[in-house]
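Note sheet for the following structure.
Any read-out appearing in this document is the output of simple, stated calculations on the displayed coordinates, not a laboratory observation. Since this is a predicted model, take the numbers as computed values, not measurements. With ideal geometry, Cβ positions are generated from the backbone for all residues, glycine too; neighbour counts draw on all protein chains shown.
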Amino acid sequence: MKLAVAIIHGIGTQPDSRDSEGQHAFAQALIRGLRQRLGADANHVAFQSLYWASVLDKRQLAYLDRLHDQPIRWRWLRRIVTLFLGDASGYRKVSQAYDTTYEEVHQCLRSGLNALRAKVDANTPLVVLAHSLGGHIFSNFVWDQQRINKTPSCPHDPFLALETLAGLVTFGCNIPLFTFAYDPVVPIRFPGHCLSDPMRERARWLNLYAPADPLGYPLRPLPNYAAVVAEDCAMPVGPWYKRHTPLSHLAYWEDRHFHSYVARHLCELLSASPAPHQPR
């Protein structure tokens, strides 16, 4: 494989259902659309969905069940608020312990990346597609890993150390909402250290948001982010009855224009990727 692509979901409940390849339901339409647009080049790309919803979904749904006999109104809205805001509030570092929700979520990402690593070489360039809160989660995951890495030297397994990170596409991303507690605001280091010169030249962090998406924001206006984020792209997504409403936040996954946008970036990286080695 010449390229590895990991896909992370965002806030909201997600079913733990998978297809015959082991890809989770949330990522299936996007993977299908990308393969369609890549054509024969899709044979050189390994995909992997990174699923973390199970960490918080059970707790949130159990609480909602206990509200059954309570005299509350707007239950459908409370369900949305609980499942969406509950993810954002539940995922936070409350201590240095390794059994916290923060670490449990990161362990889910680590497991998914290990599964992806089994399909590719240790030096394979990595692209991460992260939706909504998934962008913030992956940013924290990279930040923590970069504190461990000895830089600028390459670690034993640069892929798992995230030092082959060559592409990051955030969409419907709400990273800005989590930066206001920090001064100064410091982004992750991007791209990874262990990339070839041609790959480093094409490495990009691209951020796409639908103008009507209340949870999707530009990143370059954040302090210091313009140095690592190459582009903020405003693109309406979804069918006509969603694209001009807040429902556009969930419409990226099946939008053909978004698929084309990501596929173009993958093609640029594939053109710079060396001949693949056998996975080891």
Length released on extending from HIS68 to ARG220, taking residue separation times 0.36 nm less the Cα-Cα span: 50.3 nm
statement: Between ASN43 and HIS257, the two model label points (7 Å from Cα along the beta-carbon direction) sit apart by a distance in nm of 3.3 nm
Pair VAL228, LEU247: separation of 7 Å Cα→Cβ label points (nm): 3.6 nm
- request: Report, by chain and number, residues whose modeled amide H sits under 5 Å from the one on SER49, excluding near sequence neighbours (fewer than 5 apart, same chain).
  value: ILE7, HIS24
